[in-house]
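*Asks:* Got a structure here, written out as structure tokens. Questions coming.
The numbers here are math on the coordinates, done by the rules we state, and not lab data. As the structure is a computational prediction, the values presented were derived from the model and not from experiment. Cβ sites come from the backbone with ideal geometry, for glycine too, and all protein chains shown count toward neighbours.
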Amino acid sequence: MKKIILSKTVLLLFFVFITGSFFCQEKGGKTDMNKTVTDLIQLPAPEFESTTSLEEAILKRRSIRDYTKEPLSIKEVSQLLWSAQGITDEASGLRSSPSAGATFPLEVYLAVSNVKGLNAGLYKYNPFNNTLKLLIEGDKRFDIGNAALKQGSIEKSAAMIILTAVYERTSVRYGSRSERYVNMEVGHAGQNIYLQAASLGLGTVMIGAFNDDALKKALNLPDNEFPLAIYPLGKI
């Protein structure tokens, strides 16, 4: 009889311990805005037609640093990400901007602060299935802004596209010339962002002035991946 009572007591204590641990983890998860997570979000399909001609988008293209407080839509964000590195031919996997030898060294990140349909956080864009992967929860403008010399356009932005590169993807084929090819490629992608923003009536500016190590830390980049450009985005 004593053995039965002892066994029940041990089971009860074990249940209380497990339950308590579960609720502590739940509570901690809700308050930790910088925890790493792995949620996937399907983006709206990009549009391939608009009322703005290419010539008009080129004419309207400007570097704009001031934005309203109005949120961006997830549709606008999807269109901008597609313009940078979206798939334009599913059979071949070719993308919206050219790449030397189709080595595709660029990676695309989205830092969200005010976008309808998306929580604030740092996301990574997957061009193959047009999805976002949530990497870090919380508004990253402070960390990215500090890395980028506290430029005002970052603080005012509703979102930011950050382009990074893994140079070795291209250097395997092109050796010492790969660096210039990758740097050309980020320019191609960046101009697409500019023109797409102009077509959507949005503002952006290319930021290249930042502390590399500080930005790598803010984005939690691996050692072989390097930040190249930041594009704050917002309504104008």
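*Asks:* Explain nothing, just compute: Karplus ³J(HN,Hα) = 6.51 cos²θ - 1.76 cosθ + 1.60, θ = phi - 60°, for every residue of the stretch 62-72 in order, whole Hz, x for Gly and Pro.
*Replies:* Running phi through 6.51 cos²θ - 1.76 cosθ + 1.60 with θ = phi - 60° gives 9, 8, 10, 10, 10, 9, 6, 8, 5, x, 7 Hz.
*Asks:* Per residue of the stretch 92-107, in order, report the coupling 6.51 cos²θ - 1.76 cosθ + 1.60 (Karplus, θ = phi - 60°) as ³J(HN,Hα) in whole Hz, putting x for Gly and Pro.
*Replies:* Residue by residue, the stretch 92-107 yields 9, x, 5, 10, 6, 10, x, 9, 4, x, 6, 8, 6, x, 7, 10 Hz.
*Asks:* Let me ask another. Can you list the trypsin sites (Lys or Arg not before Pro) in the stretch 150-236 that are in a DSSP coil and have 10 or fewer other beta carbons within 10 angstrom?
*Replies:* Passing both the DSSP loop test and the Cβ count: Lys150.
*Asks:* Right, something else. Can you pick out the pairs among Lys75/Lys150; Lys60/Lys235; Lys75/Lys216; Lys75/Lys156; Lys60/Lys124 whose Cα atoms lie more than 24 Å from each other?
*Replies:* Result: Lys75/Lys150; Lys75/Lys216; Lys60/Lys124 exceed 24 Å.
*Asks:* Now for a separate question. Under 17 Å from the 7 Å Cα→Cβ point of Val172, by amide nitrogen: which residues of the stretch 210-230?
*Replies:* Taking a point 7 Å out along Cα→Cβ of Val172, the residues of the stretch 210-230 whose backbone N falls under 17 Å are 223-226.
*Asks:* Need one number: convex hull volume per residue for the stretch 27-177, Cα atoms only, in Å³.
*Replies:* Considering the Cα atoms of the stretch 27-177, their hull volume per residue is 164 Å³.
*Asks:* Here's another thing I want to ask about it. May I ask you to derive the FRET efficiency for Asp223 and Glu90 from their Cβ-Cβ distance with R0 = 35 Å, giving the value to the nearest 0.05?
*Replies:* Here the calculated transfer efficiency is 0.60.
*Asks:* Right, another one. Could you tell me which GluC sites (Glu not before Pro) in the stretch 85-163 are loop residues by DSSP with no more than 14 other beta carbons within 10 angstrom of their beta carbon?
*Replies:* Glu90
*Asks:* Starting from the Cα of Asn183, move 7 Å in the Cα-to-Cβ direction to define the label point; list residues of the stretch 92-125 whose amide nitrogen is under 17 Å from there.
*Replies:* Residues passing the 17 Å test: 100, 105-106.
*Asks:* Expressed in nm², what is the orientationally averaged projection area of the convex hull enclosing the Cα positions of the stretch 99-221?
*Replies:* Directional mean of the projected Cα hull area for the stretch 99-221 stands at 8.0 nm².
*Asks:* Among the aspartates and glutamates, select those whose C-alpha is under 15 Å from the C-alpha of Lys140, and discard any that sit fewer than 8 residues away in the same chain.
*Replies:* Partners within reach: Asp32, Glu155.
*Asks:* Summing Lys, Arg as +1 and Asp, Glu as -1, what charge do residues with Cβ under 14 Å from the Cβ of Ile144 carry, Ile144 excluded?
*Replies:* Result for the local shell: +1.
*Asks:* Still on this structure: Across every pair of different alpha-carbon atoms, what Kirkwood hydrodynamic radius in Å does the stretch 153-234 reach?
*Replies:* 13.7 Å is the Kirkwood radius here.
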